[in-house]
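Trainee: Starting off with a structure, shown below.
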Amino acid sequence: MEEMFQINGTDLVVKVPRELDHHAAEKMNAGADRIVERKNIRRLIYDFGKTEFMDSSGVGAIMGRYRNISLIGGKVQVIHVNERLDKLFHLSGIDKVIEIKKEKSWNKVGNQKGD
Amino acid sequence: MEHTNEMSIEFDSRSCNEGFARVAVAAFLTQLNPTLEEVADVKTAVSEAITNAIIHGYENQVHKIRIECKIAGHELYLTVIDKGKGIEDVRQAMEPLFTTRPEWNRSGMGFAFMEAFMDEVVVVSEPGCGTEVHMKKTVGNRNHEFMD
């Protein structure tokens, strides 16, 4: 669990597991929510670099965190998605509110859509 | 007579079995010589149907989920069965973004993903009697020259 989350200042980087289904999403969400509650996190960065499988539970996880962190003026970014995951995010429409990046780009500031 | 082959599995509706169910169906599918994309499509559809059974059908109580698979020629027939609470309004349940559980981080995209990745999705459900999701997909039906 420890290595799934990295805190850099007000950024929380979540290393998304290899398979992100309902089972894995519950653990990931609980961990991320605990950290966001306790620390001053303003940006959640989901790194899908190691992720080979995702279903709609992954979309639900990101949507849920986006709703919560938006209330305190925070952002969510999704990076390192492969073609397959990009298709799933596009089908779900979540790419209209959250920037989905195939490349590592989270060092750029203010590149989220819809602010 | 077309070549057919069938398998079925039954397992507890625990979330730790989601991965097992995906992999079991994917392993059965290999005899059709599927593309990686076809395998991913079927795994996603299985995962969505199983997750629905666990969360919505059985509301996180532990009961049995059954998967029935049949291969006939290049067709995969996949049925996911639970004996849970059933769906009041199937049409509404299948609308993209509709969910009864937004507070549980559900995206409302489960059926939409099944429909996107399978050729046919038919849901048979009655409140109190459970749900059957019947899916069909043509798999590995490439030109013969690419198959050797």
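The values are calculated or read from the model by the stated rules, or taken from the named source; none is laboratory data. Every value quoted in this text rests on a predicted model; they were computed, and no experiment measured them. All Cβ positions, even for glycine, are placed from backbone atoms using ideal geometry, and neighbour counts span all protein chains on display.
Trainee: How many of the residues in segment B:21-69 are aliphatic (A, V, I, L, M) and more than 21 Å from B:Val122 (Cα to Cα)?
Mentor: Number of matching residues: 6.
Trainee: I would also like to ask the following. Give me a count of the residues in segment A:100-115 that are modelled with pLDDT under 90 and either hydrophobic (A, V, I, L, M, F, W, C) or crowded, with 18+ Cβ neighbours inside 10 Å (or both).
Mentor: Adding up the residues that qualify gives 2.
Trainee: Give the residues of segment A:35-64 that are touching a Ser or Thr at 6+ places or on another chain (Cβ under 8 Å), more than 14 Å from every other protein chain (Cβ to nearest Cβ) and surrounded by 17 or more Cβ atoms within 10 Å (Cβ to Cβ), sorted by residue number.
Mentor: Those that are touching a Ser or Thr at 6+ places or on another chain (Cβ under 8 Å), more than 14 Å from every other protein chain (Cβ to nearest Cβ) and surrounded by 17 or more Cβ atoms within 10 Å (Cβ to Cβ): A:Ile41, A:Arg43.
Trainee: Going by the conditions given, is A:Arg67 touching a strand residue (DSSP E or B) at 6+ places or on another chain (Cβ under 9 Å) and either within 13 Å of another protein chain (Cβ to nearest Cβ) or part of a helix (DSSP H, G or I) (or both)?
Mentor: no
Trainee: For segment A:22-34: of the residues being buried (at least 17 other Cβ atoms within 10 Å of the Cβ) and under 14 Å from the mean Cα position of the chain (by Cα), which is farthest from A:Ser70 (Cα to Cα)?
Mentor: Among residues in segment A:22-34 that are buried (at least 17 other Cβ atoms within 10 Å of the Cβ) and under 14 Å from the mean Cα position of the chain (by Cα), the one farthest from A:Ser70 (Cα to Cα) is A:Ala24.
Trainee: Taking only segment B:31-87 into account, find how many residues are outside any helix (DSSP H, G or I), within 15 Å of B:Gly140 (Cα to Cα) and either within 14 Å of another protein chain (Cβ to nearest Cβ) or touching a helix residue (DSSP H, G or I) at 6+ places or on another chain (Cβ under 7 Å) (or both).
Mentor: 4
Trainee: Applying the selection to segment A:70-99, what residues are away from chain B (no Cβ under 14 Å) and either farther than 18 Å from A:Glu19 by Cα or modelled with pLDDT under 90 (or both)?
Mentor: Selection gives A:Ser70, A:Leu71, A:Ile72, A:Gly73, A:Gly74, A:Lys75, A:Gln77, A:Glu99.
Trainee: Next question, about the same structure. Output the residues belonging to segment A:15-29 that are within 14 Å of another protein chain (Cβ to nearest Cβ) and touching a strand residue (DSSP E or B) at 6+ places or on another chain (Cβ under 8 Å).
Mentor: A:Arg18, A:Glu19, A:Leu20, A:Asp21, A:Met28, listed by residue number.
Trainee: A further question follows. Among the residues of segment B:100-132, which ones are assigned to a loop (DSSP other than H, G, I, E, B), within 14 Å of another protein chain (Cβ to nearest Cβ) and under 14 Å from the mean Cα position of the chain (by Cα)?
Mentor: B:Met109, B:Met118
Trainee: Can you name the condition, by its number, that B:Gly108 falls short on among (1) touching a Leu at 6+ places or on another chain (Cβ under 7 Å); (2) closer than 30 Å to B:His3 by Cα?
Mentor: So B:Gly108 meets the others, but not (2).
Trainee: Go through segment B:1-54 and report how many residues are farther than 21 Å from A:Leu88 by Cβ and either of a type outside the set (A, V, I, L, M, F, W, C) or in contact (Cβ under 8 Å) with a residue 24 or more places away in the chain (or both).
Mentor: Looking only at that region, the number is 20.
Trainee: Output the number of residues of segment B:1-31 satisfying the condition of being surrounded by 15 or more Cβ atoms within 10 Å (Cβ to Cβ) and either at pLDDT below 95 or touching a Pro at 6+ places or on another chain (Cβ under 9 Å) (or both).
Mentor: 1
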